[in-house]
Amino acid sequence: RGGRELEKWSAGQRASAAGASGALNELIRAAHTSGNLNLSSRSLREIPTALLNWHTPIGDENWWSVMELSKLDLSHNELEGTLPDAIFVPLSVLSVLHIGNNGFTALPQTLTNCSSTLTRLNLTHNRFAALPAWLGALSSLTHLAVDHNGLVALPPSCGLLHGLEVLTASNNQ
């Protein structure tokens, strides 16, 4: 009897995971039309493959109807480490990136692919001990939030962010 209950539980878990994956794909598919993707508070532990393969149509979508991603919110998840390099290679028009309330410790240098378009970067409530020296290359930044990390200082290159209007860095080291 215990074996049957385990099988039912496993089948339920697979169905739940498939449903979650299907829901994510639907959100990403909708973002292919709008250019805005909000995956906040989804208990994500990894970046969805469909996001890494942004220009790959989902289902019966046409490749030419996939818009460039301009706003990405991955906040309030369970993501850790470094965002994958591949995520920023095709995202050359990204203007808003919100990855707060995760466990990130580093940023990939491919984020500089968005240097002329990225205006808002929210890194709050992560585990950054330092920010990369190349941060100053994000020349279009107007808003930078790095509160609640383990930062001791900001990189000197932040002085190159001449358009920066709002910088919040409270509750760090």
Next item on the list: Kindly express, to the nearest 10 degrees and within the range 0 to 90, the angle between helix 2-34's C-alpha long axis and the longest C-alpha principal axis of the chain.
Entry: 50
Next item on the list: Would you mind working out the magnitude of the charge dipole of the chain relative to its Cα centre, with +1 at each Lys and Arg C-beta and -1 at each Asp and Glu C-beta, to the nearest 20 Debye?
Entry: 360
Note to self: From the gyration tensor of the Cα coordinates in the range 2-168, what semi-axes in whole Å does the equivalent ellipsoid have, largest first, with each one equal to sqrt(5λ)?
What the structure shows: 32, 21, 11
Next item on the list: Pop the C-beta distance of Ser157 and Thr56 into the FRET formula with R0 = 30 Å and round what comes out to the nearest 0.05.
Entry: 0.30
Notebook entry, point to check: Over the range 90-158, how many percent of alpha carbon pairs lie in each 5 Å bin up to the one with the longest distance?
Noted result: 4, 18, 29, 29, 16, 3, 0
Item checked: Summed side-chain charge close to Val166 - residues other than Val166 whose Cβ falls under 15 Å, Lys, Arg +1, Asp, Glu -1 -> -1
Next item on the list: Just grab the label-to-label distance for Glu78 and Thr168, each label 7 Å out from Cα along the Cβ direction, in nm (one decimal).
Entry: 2.6
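Most exposed first by the Cβ proxy, i.e. fewest other Cβ within 10 Å, how do His143, His148 rank?
His143, His148
Every number in this text was worked out from the coordinates using simple rules, so none of it is lab data. Just so you know, these numbers come straight off a predicted model, no measurement behind them. For neighbour counting, all protein chains shown are included, and Cβ atoms are generated from backbone atoms with ideal geometry for every residue, glycine included.
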